[in-house]
Structure formats: structure tokens, C-alpha cells
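Here the structure comes first, spelled out in C-alpha cells, and everything after it is commentary.
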Amino acid sequence: MKNLKLATKAIDGTILKSGEEFSFNAVVGERTKERGYEKAITYVYGEKTEDYGGGICQISTTLYNAALEANMDITERHEHRVEVPYIEKGKDATVDYENLDFKFKNPFDYSVIIAVTVNQEEVFVTISKQLS
């Protein structure tokens, strides 16, 4: 849960101006012990293992689906090699710092704001027009 909360805190409140690109890895940063991330389940070449920042693909996946619903232009997205338990196959977005990123652009002529929250059971993401 700590990993999800750290990633959420980094993203929540991000403002994406017209034409600007969001990069999950640039916003969240490297997932290391020194930055407070804990070891948790992650998938490497389809195999379960533990690594720092494990689990945050739940955040990138929820953000991906919100970006689709908000009609953002998806510029980079990668699926897990295996089916993950929190979403149906083909709707996920895996990330791996310096290797796999999730990116999208704001195609609108106005800025949008990204709101992210997480509780014990769910991740919530909204992308909405920023009010001036």
C-alpha cells in the first residue's frame, strides 16, 4: 500500500497544459528504497518476483484507463506479459523505470488536472478541465 500512496502523491494535482506530454516515470521518479518504496510483487519477464515499487502498475493502469476515457492521446503504453489480477488483459499499463513508461498528451486547447486517490481496496483517477 505504501508504494501506491507514494506514486499517488507524486501524480495527484498534476496539471497538463495543452499539447503537453505526461510521463509516468518522469512524474513518479525512480522507485528505490532510499525514496521510501518497499519491496512488493512485480512481474519480470512474466514471472512474479519482489522489487522496490512493486504494485504501482495498479496506478499506471488506472491512469491509462482514465486517459482513454478523457480522450488523451496515448503516446507510450506497454502491457504486462501475463494477465494481472486487478484488471482484464489488454487494459493494463505496466511501467519500469528507465525501460517502460506510460505517456500521454493533452490534445485539448485547455489545461487538464489529474486527481488520484487510493484507499485499501481501490485506486481512483480523474482527468478534468482545469478551471482558472
- What about Thr62, is it in contact with a strand residue (DSSP E or B) (Cβ under 7 Å, 6 or more places away or on another chain), under 25 Å from Met1 (Cβ atoms) and either modelled with pLDDT under 95 or surrounded by 19 or more Cβ atoms within 10 Å (Cβ to Cβ) (or both)? yes
- Has segment 23-39 got any residue that is assigned to a loop (DSSP other than H, G, I, E, B), of a type in the set (Phe, Trp, Tyr) and exposed (fewer than 13 other Cβ atoms within 10 Å of the Cβ)? no
- Note on the structure: If we keep only residues of segment 109-132 that are in a loop (DSSP other than H, G, I, E, B) and touching a strand residue (DSSP E or B) at 6+ places or on another chain (Cβ under 6 Å), then the residue modelled with the lowest pLDDT is Gln130
- Message: Please go through (1) modelled with pLDDT of 95 or more; (2) surrounded by 15 or more Cβ atoms within 10 Å (Cβ to Cβ); (3) assigned to a loop (DSSP other than H, G, I, E, B); (4) not polar (S, T, N, Q) for Ala67 and return the number of the only condition it doesn't satisfy.
- Response: (3)
- Task: Out of Glu30, Glu38, Glu79, report the one residue that is modelled with pLDDT of 95 or more and within 15 Å of the chain's Cα centre (by Cα).
- Result: Glu30
- Message: Taking the conditions exactly as written (crowded, with 20+ Cβ neighbours inside 10 Å, among the polar types (S, T, N, Q) and at pLDDT 95 or above), does Asn106 satisfy them or not?
- Response: yes
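The values are calculated or read from the model by the stated rules, or taken from the named source; none is laboratory data. Note that the coordinates shown come from a computational prediction; the quantities given were computed from them, not determined experimentally. All Cβ positions, glycine included, derive from the backbone under ideal geometry; neighbour counts span all protein chains shown.
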